[in-house]
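For reference, the structure is listed below as structure tokens.
The values are calculated or read from the model by the stated rules, or taken from the named source; none is laboratory data. The shown structure was predicted, so the numbers you read here are calculated from the model rather than taken from an experiment. Positions of Cβ are generated from backbone atoms using ideal geometry, with glycine treated the same way; all protein chains shown enter the neighbour counts.
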Amino acid sequence: MSLNEYDDASKKYSLRWNPKRKLNPLVLVLSLSAFIIDFALVYLNRYIFVGGKVGTAIFFILFPFVIEFVTIWGIWGIVASYAGISAGLFYTSRLKPLYALFLSFVYLVPALISFVVYRGVLKKFGVDPLRRDLLSSDIDGKKAKRLYAWIAFLIINDVLLNLIEVVSGLYFLNIIGYFTKDEAVFWFYVWSFSNFISDIIIEPILIKTMTESLEELGLVNLGWFT
């Protein structure tokens, strides 16, 4: 039984700004993990993953982590992830600080859109706003619409949001001279394929191991702030 005050996920998780009015300090502590993990993933991109270009390695797994952190902690996931990615880009690349800040925002946009779409639109069609119905057949005592959940997940996260991140990221990197146009075409396929594969594999695991556990403890944001 969840410690949150509502049993229906469609009512519990919304786009309200401050539904609880009092922030659980554990949320702030836990959201630091988003900063640490996002920074580590950007850092490892340079030293472990094959590719040599920051943010566009042969297999770069930042995409599902950022989406899940924002899904769980709202504004705190946004702040922690933005800080972690910015610090990672600035530390591991030769990008100017302003460029690193802008590119970090590119990584954050899909997570923001996902948060709004799932909590504001898809929940009205019976899709769980926390995406627990990707793996669970029962959500808060109700039968999950798993087929709808997977269709929404694949179309929205793995196609549309994936393309938004990749196209905007490569467009910006091309403008500042980080890539030539010929290189950008190659990295478009690499980056988008990497996002697609990592999201399908990693995000369901994060939902099962992290999101569901935190939800049971009442440590998932009901809205943006609390």
> When ASN195 is evaluated against the numbered criteria (1) surrounded by fewer than 19 Cβ atoms within 10 Å (Cβ to Cβ); (2) touching an Asp or Glu at 6+ places or on another chain (Cβ under 9 Å); (3) not aliphatic (A, V, I, L, M), which criterion, by number, is the only one it fails?
Replying inline: (1)
> In the set ASP128, ASP133, ASP138, which member is among the acidic types (Asp, Glu) and over 21 Å from the mean Cα position of the chain (by Cα)?
Replying inline: ASP138
>> Just checking, does segment 78-94 include any residue being farther than 30 Å from TRP187 by Cα, out of contact with any Pro (no Cβ under 6 Å at 6 or more places or on another chain) and free of Cβ contacts under 8 Å to residues at least 60 places away in the same chain?
In response: no
> Among the residues of segment 116-131, is there at least one that is on the phi > 0 side of the Ramachandran plot, out of contact with any Phe, Trp or Tyr (no Cβ under 6 Å at 6 or more places or on another chain) and surrounded by 18 or more Cβ atoms within 10 Å (Cβ to Cβ)?
Replying inline: yes
> Between a first residue in segment 204-226 that is free of Cβ contacts under 8 Å to residues at least 60 places away in the same chain and a second residue that is in a helix (DSSP H, G or I), which pairs have beta carbons less than 9 Å apart while being 6 or more apart in sequence or on different chains?
Replying inline: ILE205/PRO64
> Quick check: anything in segment 204-212 part of a helix (DSSP H, G or I), among the aliphatic types (A, V, I, L, M), within 21 Å of TYR107 (Cβ to Cβ) and touching a Lys or Arg at 6+ places or on another chain (Cβ under 6 Å)?
Replying inline: yes
> Of PRO129, PRO64, PRO110, which residue is closer than 24 Å to PHE196 by Cβ, of a type outside the set (A, V, I, L, M) and not in a helix (DSSP H, G or I)?
Replying inline: PRO129
> Just one of GLY77, GLY55, GLY84 is surrounded by 18 or more Cβ atoms within 10 Å (Cβ to Cβ), of a type in the set (Gly, Ala, Ser) and at pLDDT below 80; which is it?
Replying inline: GLY55
> Looking at (1) of a type in the set (Val, Ile, Thr); (2) more than 24 Å from LEU89 (Cβ to Cβ); (3) surrounded by 20 or more Cβ atoms within 10 Å (Cβ to Cβ), which is the only condition ILE151 fails?
Replying inline: (3)
> Quick one: PHE90 ticks every box in (1) within 21 Å of ILE37 (Cβ to Cβ); (2) within 13 Å of the chain's Cα centre (by Cα) bar one, so which box is it?
Replying inline: (2)
